[in-house]
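Colleague: Here's a structure for you.
The values are calculated or read from the model by the stated rules, or taken from the named source; none is laboratory data. The structure presented is a predicted model; accordingly, all values stated were derived computationally and were not measured. Neighbour counts run over all protein chains shown; Cβ positions are idealised from the backbone, glycine included.
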Amino acid sequence: MTVDKKIDQICNGLNMLTEDTSIPRNIRRGAEEIKQILLNESDPIDLRVASATSRLDELASDPNLPLHGRTLIWSIISRLEEIA
């Protein structure tokens, strides 16, 4: 699978986070920011992946995040690790 297809899959997962109203607003906003980081092609892919992973790790540690949201974030992080 190409890197672009993997990025598309990751963005779909991030969209699921941003559209889920049971997820706190700050997490949804963070997911949208992460999507912008990943789609910014002016930065090298390894920098985008590292930035996105770091930001997702911060979001996953939020105590207000429901379990299904945390599971989705961990799934997205594991997909990002496949690219790195």
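Colleague: Looking at (1) touching a residue at least 12 places away in the same chain (Cβ under 8 Å); (2) surrounded by 14 or more Cβ atoms within 10 Å (Cβ to Cβ), find the lone condition where SER22 falls short.
Modeller: Evaluating SER22 over (1) touching a residue at least 12 places away in the same chain (Cβ under 8 Å); (2) surrounded by 14 or more Cβ atoms within 10 Å (Cβ to Cβ) leaves (2) as the failure.
Colleague: Something else now. Do you know which residues across segment 46-66 are within 22 Å of LYS5 (Cα to Cα) and surrounded by 14 or more Cβ atoms within 10 Å (Cβ to Cβ)?
Modeller: ARG48, VAL49, ALA50, SER51, ALA52, THR53, ARG55, LEU56 - these are the residues of segment 46-66 that are within 22 Å of LYS5 (Cα to Cα) and surrounded by 14 or more Cβ atoms within 10 Å (Cβ to Cβ).
Colleague: Let me ask you something else. Which is in contact with a Ser or Thr (Cβ under 6 Å, 6 or more places away or on another chain) and modelled with pLDDT of 95 or more, of ARG28, ARG70?
Modeller: Only one candidate qualifies: ARG28.
Colleague: Could I ask something else about it? Where residues in segment 10-41 are in a loop (DSSP other than H, G, I, E, B) and acidic (Asp, Glu), which of them is farthest from TRP74 (Cα to Cα)?
Modeller: This residue is GLU41.
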